[in-house]
1. Could you pull out which residues in segment 223-265 have an amide N less than 16 Å from a spot 7 Å beyond the Cα of V24, following the Cα-Cβ vector?
2. Taking a ≥ b ≥ c as the square roots of the Cα gyration tensor eigenvalues, with a/c under 1.5 meaning rounded and otherwise prolate when a/b beats b/c, else oblate, which class fits segment 22-84?
3. Tell me whether segment 121-272 comes out rounded, prolate or oblate; compute the Cα gyration tensor, take square roots of the eigenvalues as a ≥ b ≥ c, and use a/c under 1.5 as the rounded threshold.
4. What lysines does K36 reach when the alpha-carbon gap must be under 19 Å and sequence neighbours fewer than 8 apart in one chain are set aside?
5. Let me make sure I get this right: for segment 204-269, a, b and c are the square roots of the gyration tensor eigenvalues over alpha carbons, sorted descending. Under 1.5 in a/c it's rounded, otherwise prolate if a/b > b/c, else oblate. Which is it?
6. Work out the charge dipole of the chain with +1 on the Cβ of Lys and Arg and -1 on the Cβ of Asp and Glu about the Cα centre, then indicate which of V54, Q183, G74 is farthest towards its positive end.
7. Given a Förster radius of 25 Å and the C-beta distance between N240 and E219 as r, what FRET efficiency does 1/(1 + (r/R0)^6) yield to the nearest 0.05?
8. Considering only DSSP beta bridges where both residues belong to segment 37-270, give the percentage that are antiparallel (nearest 5).
Amino acid sequence: MNKRIFLSAFLILVLAAPSFAARVDTLLVNSPSMNKDVQVIVVTPDVALGKKAVACPVIYLLHGYGGNAKTWIGVKPNLPQIADEKGIIFVCPDGKNSWYWDSPKNPSYRYETFISSELVKYIDDHYKTVADRKGRAITGLSMGGHGAMWNAIRHKDTFGAGGSTSGGVDIRPFPLNWEMAKQLGEFAHNKKAWDEHTVINQIDKIENGDLAIIIDCGESDFFLNVNKDLHNRLLARKINHDFITRPGGHTGKYWKNSIDYQILFFDKFFRK
């Protein structure tokens with residue numbers, strides 16, 4: 001192959017290759033309810049930028065215990081490419097180790113209010129979004145899976161779809177773990193608060209069709225049984241949902257794979 005033919009072939013490949021121009025912003029979003037700024041990563045597809053920006057749906061991604069706003073970019077480094085391919089905005093807030101509640105014990109932890117009210121308003125005000133529940137989904141891993149379902153169920157007027165991957169969807173079997181007692185009080189003396197702040201006991205707040213729901217968990221995950229319990233509770237209430245188990249544990253490798261299926265599920269919901 002002579003140089004001219006090689007160069008022509010190279011240029012064809014370059015021009016045919018997709019160009020990803022999603023923007024990744026690192027923000028400090030003020031929370032009036034907590035009187036502080038919260039770090040948030042926003043991944044915006046190219047189609048939602050510039051003078052000819054098109055309104056895009058939003059997936060809120062919540063991290064797990066010990067994580068931060070950058071967790072999901074670390075788990076899934078190609079989120080910008082996915083944003084461009086799907087035309088979806090991804091929003092990744094820092095939830096500390098809050099479990100995404102408004103803590104009854106700690107007034108400086110009002111992450112339910114922040115996620116489902118203050119942050120959603122900020123994103124809709126500053127980005128080209130589909131500013132409606134039909135254009136919003138929320139999911140997360142581990143603690144974030146609990147937080148996503150907690151917020152989706154309790155704010156079904158804000159979110160049209162909710163998910164959880166490896167989520168701690170019933171906290172009560174783990175009373176000594178992950179600083180939950182700091183937010184709810186010790187389990188032995190605050191059982192009512194624990195009962196009221198676990199996702200599995202929120203199911204009676206929704207009816208079939210209120211939310212598009214997807215739940216998954218690895219077969220080797222310590223949260224597998226509570227996810228199966230949630231699945232059975234949803235079945236008993238005749239609430240349609242996707243429930244998936246697959247080989248894997250409570251690991252980044254599992255979440256890197258599982259989030260692809262959740263994004264497909266939400267993309268289907270957005271396109272209805």
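Values in this text are rule-based calculations from the coordinates and carry no lab data. Fair warning: this is a prediction, and the values are worked out from it, not measured in the lab. A quick note on method: Cβ atoms are made from the backbone with ideal geometry, for glycine too, and the neighbour counts reach across all protein chains shown.
1. 256
2. It is oblate, given that a/c is not under 1.5 and a/b is not larger than b/c.
3. It is prolate, given that a/c is not under 1.5 and a/b is the larger ratio.
4. K70, K96, K105, K121
5. Oblate shape, in that a/c is at least 1.5 and b/c is the bigger or equal ratio.
6. Value: V54.
7. 0.60
8. Just about 20 percent of them are antiparallel.
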